[in-house]
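Following: one structure in structure tokens, then a few remarks.
The values are calculated or read from the model by the stated rules, or taken from the named source; none is laboratory data. Bear in mind that the values here come from a model prediction, so they are computed numbers and not experimental data. Glycine also receives a Cβ, built like all others from the backbone with ideal geometry; neighbour counts cover every protein chain displayed.
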Amino acid sequence: MPSPNRRNFIKSGAVVAGALYLAPFSIGQSGVSVNSKLNIAMIGSGGIAKSCFRECAAENLVAIAEVDDVAGAEGLQTFPGAKRYKDFRKMLDAHDHELDLVIVNTPDHTHFPATFAAMERGIAVHTQKPLTHNIWQARTLQKAYHKFGVQTVMGNQGHNMQGMKYIREWYEAGLVGEVREVHAWTGRTTTNNSNAKIKLPAEEVPATLDWDLWLGPAEFRPYNSALCPKQWRWHWEYGSGSLGDIGCHTLDIPTYALGLGYPTSVKVDKSLNFRHEFDDKKVKDDAATYVYEFPVRPGKPPVTVYWYEGGHFPHLPDSLKDPTKPDMVSKGGCMLVGENNTLFSPGMRPTSPRLVTGWDDIRRGGLPPKILTRAVGDPVEEIIAALKGEVEKCGSNFDYAVPLTETVLLGTIALRSGKTVEYNPETMDFKDRSLNKYIKEPVRKGWECGEGLL
């Protein structure tokens, strides 16, 4: 564990300043003076990391761990003063005494070891979605959240948008009525099962890449450019397909608005597709529809959630089949089908939700009041605000992000196995015991962490 000197000091500064909220976390985990700059490290400086550059530039970006000089070049060039490392473990060992926040921007399979390594050192973490690569990792990070008392957030940016609050407020105000069906879709396609049948030949590792560190906890295999730097998401060893990519955004809408919790079962039914009602475009070979069953909640009915990908569409209301605006639905969306109305949110995130029937009249007549507290900004801004004592905790903290991540992962297990997945979240296992192998995958020697915490 790190020396608490810096984090004790900045927390005490906020106490002296007064008027700021100090969340009930352990040493130095919140309460930095609002006028102080945080010391931040990034693990991964390419790709999605760019979404964090603005916030990091306003603080102190102390160090960067990046295994790929080319893929991570933009971040390395943006922060030339940051100390450079290849191995994030060495970076954390060198700087844990001064770091307030670590931002994890790696491929999915290294989210867990990077996140856990920061948390066990008492450092707050922002980790990109999906939070983890398997269910055991997700549940272990939730346990670590309580054990180490650090601020946490998953980077599903839509959770912090105004639209997310509107949707819940409209639902709770009764504009939609009781919801028993949700339909969510993306144009992206999970090709992981098809890719698993292809034997990739060994290629020469680029001199700019540390392939061994990129693999991290995953089983060693020869390098191939089809895996790294960009296509890893479509291989089960490293990613979680379209559900891992987009599900943590779009399925966040019903999870938050309806308070869904864990599903009892998930299956894949490739026959469920209404694309022909919209246009005549051919769907992808790996197109699929996932069917999630969520149980009753206090005073609320059960809900069936359908996830369509690869060109599959739900049955759309006529008002959403406008041929002059095909992009309104073709790029993805989410519909909450209620007794009184259907709520539609176009795209992967809730940027502009609306009601399908009578929307113009409803808007003119006045929408329900804003009763939910709005987020202070995107997830990076939010965790910075939490560390400075301006908010108690982040909305997509690990108590919230873990069930959402598990929901997404359960869908991938249904696709991988070809079976109906019946899951018990209390015991963290499956009715079909053969599926338990997906709970936790083996890790390479030297990458073990978090063992014994559950």
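The figures follow:
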{"quantity": "Count - residues of the stretch 152-175 that are in a loop (DSSP other than H, G, I, E, B) and either free of Cβ contacts under 8 Å to residues at least 12 places away in the same chain or touching a Cys at 6+ places or on another chain (Cβ under 7 Å) (or both)", "calculated": "1"}
{"quantity": "I413 in contact with a His (Cβ under 7 Å, 6 or more places away or on another chain) and either more than 24 Å from G247 (Cα to Cα) or not in a loop (DSSP other than H, G, I, E, B) (or both)", "calculated": "no"}
{"quantity": "Output for the stretch 174-197, where each listed residue is basic (K, R) and either modelled with pLDDT under 95 or over 19 Å from P302 (Cβ atoms) (or both)", "calculated": "R188, K197"}
{"quantity": "Residue in the stretch 188-195 that is in contact with a strand residue (DSSP E or B) (Cβ under 7 Å, 6 or more places away or on another chain), within 21 Å of I48 (Cβ to Cβ) and hydroxyl-bearing (S, T, Y) present", "calculated": "yes"}
{"quantity": "Some residue of the stretch 328-340 being charged (D, E, K, R) and at pLDDT 90 or above", "calculated": "yes"}
{"quantity": "Given (1) part of a loop (DSSP other than H, G, I, E, B); (2) touching a Ser or Thr at 6+ places or on another chain (Cβ under 8 Å), index of the condition V283 fails", "calculated": "(2)"}
{"quantity": "Flag if E339 is more than 21 Å from the chain's Cα centre (by Cα) and among the acidic types (D, E)", "calculated": "yes"}
{"quantity": "Any hit, the stretch 180-195, residues being over 19 Å from T412 (Cα atoms) and outside the structural domain of T106 (by TED's automatic domain parsing)", "calculated": "yes"}
{"quantity": "Pairs with Cβ under 8 Å, 6+ apart, first in the stretch 96-109 and in contact (Cβ under 8 Å) with a residue 40 or more places away in the chain, second of a type in the set (F, W, Y) and outside any strand (DSSP E or B)", "calculated": "P107/W214; P107/W232; P107/Y238; D108/W232; D108/Y238; H109/W232; H109/Y238"}
{"quantity": "Residue count, the stretch 176-192 (criterion: touching a Leu at 6+ places or on another chain (Cβ under 9 Å), crowded, with 20+ Cβ neighbours inside 10 Å and not in a loop (DSSP other than H, G, I, E, B))", "calculated": "5"}
{"quantity": "Options G311, G299, G338: the member that is in the same structural domain as H183 (by TED's automatic domain parsing), surrounded by 13 or more Cβ atoms within 10 Å (Cβ to Cβ) and on the phi > 0 side of the Ramachandran plot", "calculated": "G311"}
{"quantity": "Extreme residue, farthest from V67 (Cα to Cα), among residues of the stretch 193-205 that are of a type outside the set (V, I, T) and surrounded by 15 or more Cβ atoms within 10 Å (Cβ to Cβ)", "calculated": "N193"}
{"quantity": "Top-ranked residue of the stretch 28-74 - restricted to ones that are surrounded by fewer than 16 Cβ atoms within 10 Å (Cβ to Cβ) and modelled with pLDDT under 95, ranked as nearest to the chain's Cα centre (by Cα)", "calculated": "V34"}
{"quantity": "Failed item, numbered, when P323 is tested on (1) assigned to a loop (DSSP other than H, G, I, E, B); (2) farther than 20 Å from P346 by Cα; (3) out of contact with any Asp or Glu (no Cβ under 8 Å at 6 or more places or on another chain)", "calculated": "(2)"}
